[in-house]
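K.L.:
Please read through the structure below; I'll follow up with questions.
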Amino acid sequence: KVINAVQESQGRVKAMALIHQLLYQDQDLSRINFETYLPQLVNALSSIYKKEGTVVTIEIEASGIYFDIDIAIPLGLIITELTANAFKYAFNGSRTGNLSIRINETMKDVYLLTLADNGPGLPEGIKVDELNSMGLKLVNILTSQLDGTLEYNYNLGATFIVKFETTK
């Protein structure tokens with residue numbers, strides 16, 4: 001339990017540290033390029049959580065997506081929690097898996113983050129806002145911080161969708 005708690009804390013710290021690192025490397029200190037950020041974040045999380053013998057194919061789509069730090073930090077932490085959950089629960093040591101992370105602008109200033117895996121998913125009929133998991137509680141809190149909504153679907157695996165606007 002202690003090792004798991006330390007790993008989860010490591011993932012959260014890496015997510016925030018990576019945002020700050022990218023801010024300082026870029027000429028424009030006001031926004032984060034998620035096309036650059038996401039692969040680095042997921043790679044770091046993979047090195048923490050991926051079990052030996054597990055092969056996970058990761059697909060990331062965030063072309064042309066930029067957010068200011070007030071959106072980037074909670075969004076990065078949401079992605080960290082959901083990605084960590086995918087590695088911990090969807091992919092065990094003897095499994096191959098797929099993880100897809102997409103951020104799309106659906107209308108002007110309205111975005112969808114979709115994170116999907118091909119694992120067993122959550123038990124049928126469960127509501128993500130009623131789960132006792134610390135990680136999913138944090139995802140709910142961070143989604144509220146973005147004035148967004150969180151939706152869970154089972155579609156041959158777990159699919160989480162966070163919808164938020166950047167104009168609020």
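The values are calculated or read from the model by the stated rules, or taken from the named source; none is laboratory data. What you see is a predicted model; the values in this text were computed from it and never measured. Methodologically, a virtual Cβ is constructed for each residue, glycine included, from the backbone with ideal geometry; neighbour enumeration extends over all protein chains shown. The protein model used for the area step is the full one, side chains on, heavy atoms only, and it has no ligands, DNA or RNA in it. Shrake-Rupley method; radii C 1.70, N 1.55, O 1.52, S 1.80 Å.
K.L.:
Could you check residue 99 against (1) assigned to a strand (DSSP E or B); (2) of a type outside the set (Lys, Arg); (3) touching a Gly at 6+ places or on another chain (Cβ under 6 Å) and say which number it fails?
P.N.:
(3)
K.L.:
Looking at (1) surrounded by 14 or more Cβ atoms within 10 Å (Cβ to Cβ); (2) closer than 18 Å to residue 38 by Cβ; (3) over 13 Å from the mean Cα position of the chain (by Cα), can you tell me which one residue 100 breaks?
P.N.:
Of everything listed in (1) surrounded by 14 or more Cβ atoms within 10 Å (Cβ to Cβ); (2) closer than 18 Å to residue 38 by Cβ; (3) over 13 Å from the mean Cα position of the chain (by Cα), residue 100 misses just condition (3).
K.L.:
Tally the residues that are open to solvent by 60 Å² or more (accessible area, probe 1.4 Å) and either under 18 Å from residue 74 (Cβ atoms) or in contact with a strand residue (DSSP E or B) (Cβ under 9 Å, 6 or more places away or on another chain) (or both), restricting the search to segment 127-147.
P.N.:
8
K.L.:
Continuing with this model, one more query. Find the helices (runs of 4 or more DSSP H) located wholly in segment 1-90 whose residues include 2 or more that are over 20 Å from residue 137 (Cα atoms), and list them. Walk me through it before giving the result.
P.N.:
On the way: elements: 2-25, 34-49, 69-85.
Helices (runs of 4 or more DSSP H) meeting the threshold: 2-25, 34-49.
K.L.:
Exactly one condition in (1) in a strand (DSSP E or B); (2) open to solvent by 40 Å² or more (accessible area, probe 1.4 Å); (3) touching a Gly at 6+ places or on another chain (Cβ under 9 Å); (4) of a type in the set (Ser, Thr, Tyr) is not met by residue 111; state its number.
P.N.:
For residue 111, the failing item is (2).
K.L.:
Residues 34, 67, 91, 87: which one is open to solvent by less than 10 Å² (accessible area, probe 1.4 Å), touching a residue at least 12 places away in the same chain (Cβ under 8 Å), in contact with a strand residue (DSSP E or B) (Cβ under 9 Å, 6 or more places away or on another chain) and under 15 Å from residue 165 (Cα atoms)? Don't jump to the end; show me each part of the working.
P.N.:
Numbers: 34 fails: under 15 Å from residue 165 (Cα atoms); 91 fails: under 15 Å from residue 165 (Cα atoms); 87 fails: under 15 Å from residue 165 (Cα atoms).
Exactly one of 34, 67, 91, 87 is open to solvent by less than 10 Å² (accessible area, probe 1.4 Å), touching a residue at least 12 places away in the same chain (Cβ under 8 Å), in contact with a strand residue (DSSP E or B) (Cβ under 9 Å, 6 or more places away or on another chain) and under 15 Å from residue 165 (Cα atoms), namely 67.
K.L.:
Identify the residue in segment 148-168 that is open to solvent by 80 Å² or more (accessible area, probe 1.4 Å) and closer than 12 Å to residue 111 by Cα and, among all such residues, is modelled with the lowest pLDDT.
P.N.:
If we take residues in segment 148-168 being open to solvent by 80 Å² or more (accessible area, probe 1.4 Å) and closer than 12 Å to residue 111 by Cα, then 167 is modelled with the lowest pLDDT.
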